[in-house]
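Some notes on the structure that comes next.
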Amino acid sequence: MRNLNFPGNKTLRILLIPGTVFICFLIIEIGYRLLDPFPYFSGDTINRTQHGNLSQHDPILGWKGVPGGKTQLVTKNARVSLEHNKNGYRDIEHDLSTKKPAIVFLGDSFTWGHEIEFEEMFVNLLREKMPSYEIFNLSHRGYGTDQEFILFKNWNYDGAIKLVILIFFENDLSDNNLDINYMKPKPRYIIHDNKLSLTGVPVPKIQKWDDNYQSQNKNVSLTHKLKSIALKSHFLHDIYFRYRIFKYLKKMNWEIPDNKVEDQSITYRILEELNKSVVARGAKLIVFFIPSKREIENIGNYSPYQNKVIEFCEEIGITCIDLAPDFKQTWRRAYYRYEGGHWNSYGNQIAAESIYNYLTTNPVLKIELNLMEGE
């Protein structure tokens, strides 16, 4: 019988342990990068300023996109290249002489494509699926329904508009009640003599619009550098993230407070007036609701905000669709982990498929859309 107790075998057994651990770590790391990527962006590289970059002051809207603006946005979730067309929208350059019927998207950062590349945006995925239509993306980050309504009313377009699609998110309910949002003054609607009245215009220009917000290299400690190196691992970054969530929940006594109930009467009236404006231009308004990340991932006590707004839409006569059922069917992560709760590229794919399926299978819209395709 062979003697397996000589020193070389003991050394081999000792080396097998770290080798096995490393191989397991490598397999897990590859799995993360393929199925659930979680890149790390350190604080000294983040550049997400709300003033400058691709936004500029506007006396009517509060802010709007910079025409032809181009920059790189870095958040805790992603690094993306951003570029606006000549009209200041994150959209293609349109041929205004086209005879195609127009579909117009109104929305905030979800529709604008915050934290995702241009080709990953759900509006652009829809554009590829619907080449018979001239699809306009008039969204901008930080907008509430009030600013989207103002923008549409003042949007100069002489072509035929068939559909206006409003992408609605839960923070619109609070945004519509603010005159300052994301550190920027904005217009605000109030109800006066039972009529919707616009206040705060012209919107004042604050000093921050003129300040230089270029990213600056910062001196960082050795500890910070080592942490940044370790967290380049998507697996270790996820463990670190979950640890911080654990600490937060423990501090909050394992309870996440529900969202504050906002005054919803303003939103009701804005939706009512937006619908009138859309119909006056010969188009139909459709509202799609973005489900909250808390709803999809079952985080804490949460009552879907959509329920009340759906009641509004039904009372006004606006067609509305909740995207939540389609997002609940997937096992893959559709939202970024960090702040903002925006969709990742996969979430944009789900939204594009859901909106496309509704537009092409709805009994009423399907007939209208087919007629438009034949025009």
Report task. Might you report the magnitude of the Cβ-based charge dipole of the chain about its Cα centre, with Lys and Arg at +1 and Asp and Glu at -1, to the nearest 20 debye? Result -> 1940
Query - Paramagnetic reach from K70 in segment 81-116 [backbone N under 17 Å; point 7 Å along Cα→Cβ] - result: 81-94
Query raised in the report: For the Cα atoms of the chain, what angle does the longest principal axis make with the long axis of helix 234-251, in degrees from 0 to 90, nearest 10?
Result: 70
Requested in this report: Taking the chain as the reference, fit the longest principal axis to its C-alpha atoms, fit the long axis of helix 306-316 to the helix C-alpha atoms, and give the angle between the two in degrees, 0 to 90, nearest 10.
Outcome: 20
Query raised in the report: Expressed as a rounded percentage, what relative contact order does the chain have, with Cα pairs under 8 Å and six or more residues apart?
Result: 18
**Report entry** Chain lengthening between D263 and K195 when straightened (0.36 nm per residue, less Cα-Cα)
**Finding:** 22.9 nm
Query - Rotationally averaged projected area of segment 1-133 (alpha carbon convex hull; nm²) - result: 14.7
Query raised in the report: Taking 0.36 nm per residue of separation and subtracting the Cα-Cα distance, what length does fully extending Y356 through D44 add?
Result: 108.3 nm
Report summary line: Partner lysines whose C-alpha sits under 23 Å from that of K293, ignoring same-chain residues fewer than 8 away, are K76, K247, K250, K251, K260, K308, K328
Query - Cysteines not pairable in the chain (beta carbon separation under 4.7 Å absent) - result: C24
Query raised in the report: Near K64, within a Cβ-to-Cβ distance under 15 Å, what is the net charge of the other residues, with Lys and Arg +1 and Asp and Glu -1?
Result: +2
Report task. Provide the percentage of antiparallel DSSP beta bridges, counting only those with both residues in segment 1-137; round to the nearest 5. Result -> 75
Report task. Straight distance only, please: which lysines reach the Cα of K205 with their own Cα at less than 23 Å, same-chain residues fewer than 8 apart left out? Result -> K64, K70, K86, K153, K184, K186
Query raised in the report: Regarding segment 29-77, what is the average projected area of its C-alpha convex hull, in nm²?
Result: 5.1
Report summary line: In the neighbourhood of F149 defined by beta carbon distances under 15 Å, the net charge of the other residues (Lys, Arg +1; Asp, Glu -1) is 0
**Report entry** Residues I23 and M183, FRET efficiency given R0 of 45 Å [Cβ-Cβ distance, rounded to 0.05]
**Finding:** 0.40
Query raised in the report: Computed FRET efficiency, Cβ-Cβ of Y346 and N253, R0 25 Å: what is it to the nearest 0.05?
Result: 0.15
Query raised in the report: Computed over the Cα atoms of segment 98-227, what is the convex hull's projected area averaged over all directions, in nm²?
Result: 12.7
Query raised in the report: Along the charge dipole of the chain, which of L323, S42, L96 sits closest to the positive end, that is, farthest toward it, with unit charges on the beta carbon of Lys, Arg, Asp and Glu (+1, +1, -1, -1)?
Result: S42
Report task. Putting +1 on Lys and Arg Cβ atoms and -1 on Asp and Glu Cβ atoms, find which of T75, I135, I206 reaches farthest to the positive end of the dipole of the chain. Result -> T75
Query raised in the report: Given a Förster distance of 41 angstrom, what is the FRET efficiency for N85 paired with L16, based on the Cβ-Cβ distance and rounded to 0.05?
Result: 0.10
Query raised in the report: How would you rank 134-147, 41-54, highest first, on the average number of other Cβ atoms within 10 Å across their residues?
Result: 134-147, 41-54
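Bear in mind that the values in this text are calculations on the coordinates, not laboratory data. Computed from a prediction, not measured in an experiment: that's the story for all the values here. Positions of Cβ are backbone-derived with ideal geometry, glycine not excepted, and every protein chain shown enters the neighbour counts.
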